[in-house]
Amino acid sequence: GQASAWGRGRLEEPSGRLLLGRWDRSYVFRLVGALAEGDGKTVVDTVDVLRVHGLSAASTLEDMAAVLQRMAVLQAVPQAGHPAADASDPDAGELERLAALLPPDETQLLYSICLHGRGELGLAPDEYAALTMVLLRLLAFKPGGFAGAGTATGLGAGAAAEKKTLKLAETPAVLPPG
């Protein structure tokens, strides 16, 4: 197809795995970022774009799992043993940004969800609807859900939510003010 013609000669990644082209991978990063921020609308919209461009739902989940695996390594061992990777890897900056945004336990959970979700795609009448359901599962299981009243530590939702959470933390959660 077009992607393979465009990327001929550079489809082989250093890992030896056949990953999607750089252009396709931007969608993978967008999905992980949206999930980190609890942004279900962007998840749904991005899956619609994948559908329009005919990008495989299964490949998207595989690439997400590969990205999440690298994020988990960065979270567990920051910068250890990857000085060379940083210089040569065009995705390093984005991986570091996402690794800082998504709490390690959610990275692990999303990795699991992506791996197990692959099996569901074949069972569903619509692979893109199934992909949406698989990804939205993370938001359903996010610690504290969308309420987040007691989760002052759940800072996965970015700086804006962090400020809101800190403000919430200043007021007693149980007793009404006054």
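A search for C-beta distances below 8 Å between a residue of the stretch 101-121 that is under 17 Å from Gly38 (Cβ atoms) and touching a residue at least 12 places away in the same chain (Cβ under 8 Å) and any residue that is among the basic types (Lys, Arg) and surrounded by 16 or more Cβ atoms within 10 Å (Cβ to Cβ), counting only pairs 6+ apart in sequence or on different chains, returns Glu106/Lys142; Ile113/Arg137. For Glu94, are the conditions met, namely being at pLDDT below 95 and either under 23 Å from Asp126 (Cβ atoms) or within 14 Å of the chain's Cα centre (by Cα) (or both)? Yes, satisfied. Of all residues in the stretch 140-161, none are assigned to a helix (DSSP H, G or I), in contact with a Cys (Cβ under 9 Å, 6 or more places away or on another chain) and modelled with pLDDT of 90 or more. Annotation note: of Gln79, Gln108, the sole residue that is open to solvent by 30 Å² or more (accessible area, probe 1.4 Å), at pLDDT 95 or above and not acidic (Asp, Glu) is Gln108.
When the stretch 39-53 is limited to residues that are under 11 Å from Thr132 (Cα atoms) and free of Cβ contacts under 8 Å to residues at least 12 places away in the same chain, the one that is surrounded by the most Cβ atoms within 10 Å (Cβ to Cβ) turns out to be Asp45.
The values are calculated or read from the model by the stated rules, or taken from the named source; none is laboratory data. Because the structure is predicted, anything quoted here is derived from the model rather than measured. In this analysis, Cβ positions are derived from the backbone assuming ideal geometry, glycine residues included, and neighbour counts consider all displayed protein chains. With ligands, DNA and RNA removed, areas are computed over all heavy atoms of the protein, side chains included. Shrake-Rupley method; radii C 1.70, N 1.55, O 1.52, S 1.80 Å.
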